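What follows is one structure encoded as structure tokens, with my remarks underneath.
Readers should treat all values here as calculations from the given coordinates under stated rules, not as data from a laboratory. Keep in mind that what you see is a predicted model, and the values were worked out from it rather than measured. Heads up, the Cβs are rebuilt from the backbone with ideal geometry, glycines too, and the neighbour counts pull from every protein chain shown.
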Amino acid sequence: MESIWPGSGSSPINNTPFGLYDDDSQFQDDSPKFASWCAKRLGYPIMSIEMQDSQFYACFEEAISEYSSQVNSFNIRENLIHLQGQPTGSSNNVTHKRVTSNFGRSIQLSEQYGTEAGVGGSVTLKSGSISVSSGSQVYDLQQLWGSVSESSKRMEVRKVFYDASPAIVRYFDPYAGTGAGSYNALDGFGWGSMTPAVQFMMMPMYADLLRIQAIEFNDQIRKSAHTFELVDNKIRIFPKPTQSYKLHFNYYLKEDKDSPFQDSNGMGIGTVSDSSNVPYQNMEYSNINDVGKQWIRKYGLALSKELLGIIRSKYGSVPIPNAEVNLDGDTLRSEASAEKEGLISQLREDLEAASRRNSMEADSEEATRLQEKLQKVPLPIFVG
């Protein structure tokens, strides 16, 4: 004999499958009301309802969880790009919180460009050196330096140096008032520009930096008697060294530079990487507004109807004296399935209508219409 709904329910605490909302006082208050409302919508007291209060509570809990899942899934799609790299874990719960746009992903991309261009980035640019011997032109940097200092990790050499005087010691203000042309010519060939007659003038700092960069570039292109050929971390020096000296170079480790997990937060352990670890949690029932609660009640009713249909589908009919009664289990299940699908579709449409993209399009359209309206407003007539 199936249990029949008695007309009222007991406390929902410890009567739900997962106990997700047992600590929520509003859930405790609304659960018996929800059970009574569902039973009446299903035909009670005219008809017997073969369900217990705990089954209604289970449907209520599932409806809240489904609403929370749909809203959180939408928020993850909207905010994932802004949350990547942020800490995960329950202490960083972002449920019911407004996530603002940021440049996190753009900054990460710029760091990768900066690394490649040698103007910044998040990968450490390391320095090394080898001893050059007189008469020897070819050296294997990977073997001589990498095998000793980097445990044979693959290197990518980015810059090779030779000992030259710094550009700052040969800096000359091109706007000095004592023959800028001649001094520029002298300085360009490294003969110095410091004379007692030079009178420097106030200039922006960026002009000084540009001048120093020009000196360094000029050294590399026009003056240097040293050059090299670098293939697979094997360097050939021109001209052939006539004395021993130290050759310095900058390099990246390939495993650092080419790692897809490398960013300013390290290797990304404990940070948001994809939708699976964004710290959205089940919503608190008491924090859901009345619009959301109405959706939950309707979805919970559909779940209850589906469960009742399953129960009544245990037997296709019930015999009575001189006849039999066909049960409506299949009909209830079919109706419940259609109601659930309709509710979820409507919720997703409402969420999509409030997405960032649609909101920006609505703002743009409103601004355009306002501008068109203002263009039709006549200008005031000035009366002198």
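Charge tally for Gly309 (other residues, Cβ to Cβ under 13 Å; Lys, Arg +1; Asp, Glu -1): -1.
Summary of packing: across the peptides 133-146, 67-80, the per-residue average of other C-beta atoms within 10 Å ranks them, highest first, as 67-80, 133-146.
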